[in-house]
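A.B. asks: The structure follows.
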Amino acid sequence: MCLQAAAHGYGQTISLTLTNAPLETAFKEIKKQTGFRFVYTRTEMQASRPVTLRITNKPMEEALHLLFSEQPLEYVIETNYVVVRRKANTIPVVITVVSAQISGKVMTEEGLPLAGASVLVKGSGLGVSTNAAGEFSLPGIRESDVLVISSVGYQTREIVVGKQTRISIVLLLAENSLDETVVIAYGKRQGGIQPEQ
């Protein structure tokens, strides 16, 4: 496998040289160059074909068209996501996995929203950060997926999605942070977490 990529920050032109490379490798390089995240299932990657392609300073849509031209897959661009799916006339070779969107909120023990927390799908390249209200939304999630939620100074949590479509997550302070100064939106207190009365 041969791979060369010319990065252009988060612009909309793409340069790639791929030789017999997995399709997922192309996704990762395009994400680096454009900031767009790819949403797909493991089933779709199993059906994909190796990619041999040379692209130099092509607009994103043209590059994607070339990338998918020999694949049994198609794509749809939605905001900052590229949603990958099977072509309508493609006969599935494995069982199709149902996916859905999941949303939620990440909070501290005090019930305050935790902005900038990382919410990742374990074992994949899909992930987002919470907004100022501590909220997040992830498309293309399966019941068997595991969400990994983390934030600096807090203990990392892993949650199996299951049948949930909206979840609330409380992150506890990391043990090594208990004796440090804790800064809260409405002020500052010294020492660790006060024991419950």
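The values are calculated or read from the model by the stated rules, or taken from the named source; none is laboratory data. Keep in mind the model is a prediction, meaning the values are calculated, not measured. Cβ sites come from the backbone with ideal geometry, for glycine too, and all protein chains shown count toward neighbours.
A.B. asks: Within the stretch 136-145, track down each residue that is touching a strand residue (DSSP E or B) at 6+ places or on another chain (Cβ under 6 Å) and surrounded by 15 or more Cβ atoms within 10 Å (Cβ to Cβ).
C.D. replies: Once the filter is applied, which keeps residues that are touching a strand residue (DSSP E or B) at 6+ places or on another chain (Cβ under 6 Å) and surrounded by 15 or more Cβ atoms within 10 Å (Cβ to Cβ), the stretch 136-145 yields Phe136, Leu138, Pro139, Gly140, Ile141, Asp145.
A.B. asks: Another question, then. Checking the structure you have, find out if any residue of the stretch 1-10 is modelled with pLDDT of 90 or more and either under 25 Å from Asp145 (Cα atoms) or under 21 Å from the mean Cα position of the chain (by Cα) (or both).
C.D. replies: no
A.B. asks: Moving on to the next point. Can you pull out the residues in the stretch 110-144 that are in a loop (DSSP other than H, G, I, E, B) and modelled with pLDDT of 90 or more?
C.D. replies: Glu110, Gly111, Leu112, Leu114, Ala115, Gly116, Ala117, Thr130, Asn131, Ala132, Ala133, Gly134
A.B. asks: Follow-up. Please determine whether any residue of the stretch 71-85 is of a type in the set (S, T, N, Q), closer than 15 Å to Gly140 by Cα, at pLDDT below 90 and crowded, with 20+ Cβ neighbours inside 10 Å.
C.D. replies: For the stretch 71-85, residues of a type in the set (S, T, N, Q), closer than 15 Å to Gly140 by Cα, at pLDDT below 90 and crowded, with 20+ Cβ neighbours inside 10 Å: absent.
A.B. asks: If you go through the stretch 47-62 one residue at a time, do you hit one that is in contact with a Ser or Thr (Cβ under 6 Å, 6 or more places away or on another chain), hydroxyl-bearing (Ser, Thr, Tyr) and either surrounded by 12 or more Cβ atoms within 10 Å (Cβ to Cβ) or without any contact (Cβ under 8 Å) to a residue 60 or more places away in the chain (or both)?
C.D. replies: Checking the stretch 47-62: at least one residue is in contact with a Ser or Thr (Cβ under 6 Å, 6 or more places away or on another chain), hydroxyl-bearing (Ser, Thr, Tyr) and either surrounded by 12 or more Cβ atoms within 10 Å (Cβ to Cβ) or without any contact (Cβ under 8 Å) to a residue 60 or more places away in the chain (or both).
A.B. asks: A follow-up question, please. Name the residue that is surrounded by the fewest Cβ atoms within 10 Å (Cβ to Cβ), counting only residues in the stretch 12-27 that are in a strand (DSSP E or B) and at negative phi.
C.D. replies: Ranking the candidates gives Thr19 first.
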